[in-house]
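One structure is given below, encoded as C-alpha cells.
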Amino acid sequence: MSKLRVGVIGLGEVAQVIHLPVIESLPDRYELAAICDISPGLLERLGARYRVEHRYTDFREMLAAGGLDCVVVLNSDEYHADCTVAALDAGLDVLVEKPMCLSLREAQEIIAARDRSGKTVMVAYMRRFAPAFTEAVQKLPELGPIRYVRVHDVIGENRLIVDQTSYVDRPDDVPEEAVDEKWARRSALVKEALGDVPQELEWTYGLLCGLGSHDLSAMRELLGRPKEVSAAKMWRNGGYIVALLDYGDFVVTYETGVDDQLRYDTYIEVYGASGTMKVEYDTPYVRHFPTTLHLELTDGDSYERSVRRPHLKDPYTYELEHFHEAVTTGATPKTTPEDYVQDMELFIEIIRALENG
C-alpha cells in the first residue's frame, strides 16, 4: 500500500485529540512528515512528541520546502482557502476540515485551483463516513415514502468533554496581532458571503458553517437538497436555530444550539410510512464512541425494533482511509468542494429566512 507523506497545518484541539493520533494509527497509509502552526511552543512540543523534524510557523514555507504528498488543513476557518489553494498550486492533495471556507468566492478559487492542478480536494465531513450513516443511506428505501424528518444537534461545548477525556496543549505564545487579524478577516469574509447583516446573524452563520455543516451535509446525502427554506427562527443572539426545510412531499425540522451540558445530543430521524430510522451520533472527541442505527419497521402484522452498531472504528479513521484511497487511486472523494458549496448555499438560504422572519 502506498504511504503518503502528510503535512498538518494547524495543531489545535481537533488536531491533537483526533487527527494526529489517527494519522499515527495508520502507519501503512501515512507518514507524518511536517507540521505547521503559528505557535512556536506548540510546534516544539508536538514536534518532539510525534518525532517530526520539519516544523514551520508559516504554511508557505512548509509547502516551499517540499517533501510532501498531501496536507491536512486544520487551522482556523478564515485561512482554509488560502492554505488549500497554495497546497494545490504546490502539487499536493488536500484534506480540509469543514467549513471548507466562508465565502462562495473562496470556494470558487479552491475549485479552480483543484482543476488546474489535477489534484484531490476532500472536505472532512467525518459524520458521513460513520458506518451507521452509510448503512442508513442504503436502508432508507425500506421505510416506505418519507413523511417527516428531524435533524437535531444540541450539544454541550466541545471543550467540556475534551477537558475530561484528553490533554490539549493550549499555547500562550500566539501573537495578539494574529488573533486580532483573524477576527477581522472572519468578519470581512462573512460580510462578503452575506452582505451587511446584524452581528448576531454573522454569529449564526458561523454556527451553521461549523456545527451545522455536519448536519446539513449528512441530511443532503440521505435525502437530497431541499426545495426551499420555508421558515427559520433564532434566539439567544443566534446561538440557537430552528428551520423548516421543504422537500415537497415532506418537511424537515432542523434544530441546533450549544449549551453547557456534558453530553452530545445529535441525530437524524426519518419517519417513513412503514418504518422509522434514526442515526444517533456521540461526541467525536472521544474516539471509538459508536454511531448507532435505530430501525423500527412494520411488516404486515409484525413490528420490529433493532439497534445496530456496525463497527467501533471511529468516523475520522474511515475518513482518512477514504482520503488515502481517493489520492492513491485517483477516485473522486465523496465530499467534494462542489458538495460543500451546496451546504454554503443552504446556510445562506437559512440566514435569508431568518432575516425575513
Fill in the blank from the handout: Per the list (1) crowded, with 21+ Cβ neighbours inside 10 Å; (2) without any contact (Cβ under 8 Å) to a residue 24 or more places away in the chain, residue check on residue 149 breaks on (2)
Completion exercise
(1) open to solvent by less than 70 Å² (accessible area, probe 1.4 Å); (2) farther than 30 Å from residue 200 by Cβ all hold for residue 307 apart from (1)
Handout entry: Any chance residue 84 is open to solvent by 20 Å² or more (accessible area, probe 1.4 Å), at pLDDT 95 or above and among the polar types (S, T, N, Q)
Key = no
Fill in the blank from the handout: Going through the range 325-334 in order, the residues found to be open to solvent by 10 Å² or more (accessible area, probe 1.4 Å) and assigned to a helix (DSSP H, G or I) are 325, 327, 328, 329
Fill in the blank from the handout: Looking across the range 312-324 at residues that are under 14 Å from residue 126 (Cβ atoms) and in a loop (DSSP other than H, G, I, E, B), the single one that is least open to solvent (accessible area, probe 1.4 Å) is 314
Practice task
For the range 337-351, indicate whether the set of residues that are of a type in the set (A, V, I, L, M) and outside any helix (DSSP H, G or I) is non-empty.
Solution key: no
Handout entry: Flag for residue 205 being under 20 Å from the mean Cα position of the chain (by Cα), farther than 20 Å from residue 102 by Cα and open to solvent by less than 10 Å² (accessible area, probe 1.4 Å)
Key = no
Practice task
Looking only at the range 26-42, count how many residues are touching a helix residue (DSSP H, G or I) at 6+ places or on another chain (Cβ under 7 Å) and not β-branched (Val, Ile, Thr).
Solution key: 7
Handout entry: Evaluation of residue 163 against (1) under 28 Å from residue 205 (Cα atoms); (2) surrounded by fewer than 18 Cβ atoms within 10 Å (Cβ to Cβ); (3) in contact (Cβ under 8 Å) with a residue 60 or more places away in the chain (one fails), failing number
Key = (3)
Exercise for the section: Enumerate the helices (runs of 4 or more DSSP H) found wholly within the range 85-168, keeping only those where 3 or more residues are within 19 Å of residue 283 (Cβ to Cβ). Expected result: 131-139, 158-165
Practice task
Go through the range 277-286 and give me each residue that's out of contact with any helix residue (DSSP H, G or I) (no Cβ under 7 Å at 6 or more places or on another chain) and either more than 15 Å from residue 223 (Cβ to Cβ) or among the hydroxyl-bearing types (Ser, Thr, Tyr) (or both).
Solution key: 280, 282
Problem - Residue count for the range 284-301, restricted to those that are without any contact (Cβ under 8 Å) to a residue 40 or more places away in the chain, more than 9 Å from residue 314 (Cβ to Cβ) and within 19 Å of the chain's Cα centre (by Cα) - result: 0
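Restricting attention to the range 173-200, report how many residues are touching a residue at least 60 places away in the same chain (Cβ under 8 Å) and touching a strand residue (DSSP E or B) at 6+ places or on another chain (Cβ under 8 Å).
Going residue by residue through the range 173-200, those that are touching a residue at least 60 places away in the same chain (Cβ under 8 Å) are 173-175, 178, 182, 185-186, 189-190, 192-194, 197.
Filter once more, keeping what is touching a strand residue (DSSP E or B) at 6+ places or on another chain (Cβ under 8 Å): none.
Adding up the residues that qualify gives 0.
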Problem - Among the candidates 210, 195, residue that is surrounded by fewer than 16 Cβ atoms within 10 Å (Cβ to Cβ) and either over 23 Å from the mean Cα position of the chain (by Cα) or β-branched (Val, Ile, Thr) (or both) - result: 195
Exercise for the section: Determine if the range 123-140 includes at least one residue that is more than 30 Å from residue 275 (Cβ to Cβ), at pLDDT 95 or above and either open to solvent by less than 20 Å² (accessible area, probe 1.4 Å) or aromatic (Phe, Trp, Tyr) (or both). Expected result: yes
Fill in the blank from the handout: Among strands (runs of 3 or more DSSP E) entirely within the range 214-292, at least 3 residues that are among the small types (Gly, Ala, Ser), at negative phi and in contact with a strand residue (DSSP E or B) (Cβ under 8 Å, 6 or more places away or on another chain) occur in 228-235
Problem - The one condition in (1) within 17 Å of the chain's Cα centre (by Cα); (2) open to solvent by 30 Å² or more (accessible area, probe 1.4 Å); (3) of a type in the set (A, V, I, L, M) that residue 268 fails to fulfil - result: (2)
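The values are calculated or read from the model by the stated rules, or taken from the named source; none is laboratory data. The structure presented is a predicted model; accordingly, all values stated were derived computationally and were not measured. Counting neighbours? That spans all protein chains shown, and the Cβs are built from the backbone with ideal geometry, glycine included. Please note that ligands, DNA and RNA were not included when accessible areas were found on the heavy atoms of the full protein model with its side chains. Shrake-Rupley method; radii C 1.70, N 1.55, O 1.52, S 1.80 Å.
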